[in-house]
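Written below as structure tokens is the structure these notes are about.
The values are calculated or read from the model by the stated rules, or taken from the named source; none is laboratory data. If you're wondering where the values come from, they're calculated on a predicted model, not measured in any experiment. Note: ideal-geometry Cβ built from the backbone for every residue, glycine included; neighbour counts use all protein chains shown. For the accessible areas, the whole protein counts, side chains as well, though only heavy atoms, and no ligand, DNA or RNA atoms are used. Shrake-Rupley method; radii C 1.70, N 1.55, O 1.52, S 1.80 Å.
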Amino acid sequence: KKLLATYSAMLQDRGVEGFITVDTFLTDEPPLPTVAVAGHRKIKRVTNIVLDHHHAASLALKHLADLGHQQIAFMKGSRVSVDADDRWSAICEVATKLGIRICPELVVQLEGDDPTPNLGYPFAKQLLARKHPFTALFAYNDISAIGSISAFQEAGLRVPDDVSVVGFDDIQSAAYINPPLTTVKQPLQKMGEIAARALLDRIEDRSKYVPEIAIEPELVVRRSTARPRQ
């Protein structure tokens with residue numbers, strides 16, 4: 001919080017007219033018009049650019065349910081991620097509507113902010129060590145999904161023959177791992193463009209302040225998901 005205030009004052013001294021924040025926990029009303037990408041708290045003067053997490057969860061879980069998966073494991077986002085709580089709440093709500101039971105033994109909490117596949121690898125091993133059967137994993141993001149695939153393959157499991165994996169984000173490498181990753185695409189470039197446009201419109205008084213702009217995700221189906229083995 002103190003660091004944010006310091007940077008804010010420093011930027012104002014340099015003539016900055018507005019702020020764009022990304023994946024940042026804002027707590028107080030900023031001194032200038034602000035657009036928060038992946039912002040969730042309702043704060044005066046802040047326009048939050050948010051992904052429709054309910055729709056995202058629906059896309060992923062309906063895809064798995066349509067394939068025949070009912071025993072689904074989940075990775076909850078690390079507490080340092082601003083999207084973690086909203087995404088998990090959406091998953092729980094959608095799972096209830098689809099009749100998918102979220103089994104506590106099949107839920108692991110990611111820790112830390114490792115930007116490599118090691119974010120998911122140890123937690124996928126943790127899932128396997130519990131010896132509770134599952135046929136699919138919905139990972140918190142693509143990085144944790146890629147680490148999970150590595151852990152599954154190391155344990156002698158085939159993806160998707162033995163376990164299907166769904167990621168989130170559609171990072172560039174998702175299409176090139178083996179197997180290519182099915183994922184919920186978060187259109188980050190589009191979110192950035194909308195954030196920049198919204199801030200410029202605010203600075204130049206071209207539009208009224210809006211507290212939130214929702215962005216629609218899409219499902220990208222690749223080869224990491226398939227029907228569960230009978």
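Data overview
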read-out: Coordinate range along principal axes, alpha carbons of the stretch 93-230, Å, largest first; value: 59, 33, 29
read-out: Contact order relative to length of the stretch 70-181, as percent, for alpha carbon pairs under 8 angstrom and 6 or more apart; value: 27
read-out: Flagged links, alpha-carbon separation over 31 Å, of LYS97/LYS185; LYS131/LYS190; LYS42/LYS131; LYS42/LYS190; LYS76/LYS208; value: LYS131/LYS190; LYS42/LYS131; LYS76/LYS208
read-out: ³J(HN,Hα) computed for each position of the stretch 193-205 - Karplus, 6.51 cos²θ - 1.76 cosθ + 1.60, integer Hz, glycine/proline x; value: 5, 5, 4, 5, 5, 5, 5, 4, 5, 5, 4, 9, 6
read-out: Rounded percent of accessible protein surface that carbon and sulfur make up, the stretch 1-151, 1.4 Å probe; value: 54
read-out: Sum of side-chain charges, PRO104 neighbourhood, beta-carbon under 15 Å (Lys, Arg +1; Asp, Glu -1); value: +3
read-out: Per-q log10 I(q)/I(0), the chain, q = 0.07, 0.14, 0.16 Å⁻¹ (Debye; single scatterer per alpha-carbon; no solvent); value: -0.26, -0.87, -1.05
read-out: Sparse-neighbourhood loop sites, GluC sites (Glu not before Pro) in the stretch 144-204 - DSSP loop, at most 13 other Cβ within 10 angstrom; value: GLU204
read-out: Label-point gap, in nm, between LYS131 and ASP85 - each point 7 angstrom along Cα→Cβ; value: 3.7
read-out: Ordering of 55-62, 156-163 by burial proxy (mean other Cβ atoms within 10 Å per residue, highest first); value: 55-62, 156-163
read-out: Value of [θ]222 nm, deg cm²/dmol, for the chain, DSSP H segments ≥ 4, -39500 (n - 2.57) each, nearest 500; value: -11000 deg cm²/dmol
read-out: Rounded accessible area per residue of the chain, 1.4 Å, Å²; value: 52
read-out: Using θ = phi - 60° and Karplus 6.51 cos²θ - 1.76 cosθ + 1.60, couplings along the stretch 178-189 (whole Hz; Gly, Pro as x); value: 10, x, x, 8, 6, 7, 8, 7, 9, x, 4, 5
read-out: Accessible surface of the stretch 190-230 [probe 1.4 Å, protein heavy atoms]: carbon and sulfur percent; value: 50
read-out: FRET efficiency, ILE213 to LEU157 (Cβ-Cβ, R0 41 Å, nearest 0.05); value: 0.50
read-out: Rel. contact order, % - alpha carbon contacts under 8 angstrom, at least six apart, the stretch 15-86; value: 24
read-out: Length-normalised contact order of the chain in % [C-alpha pairs under 8 Å, at least 6 apart]; value: 22
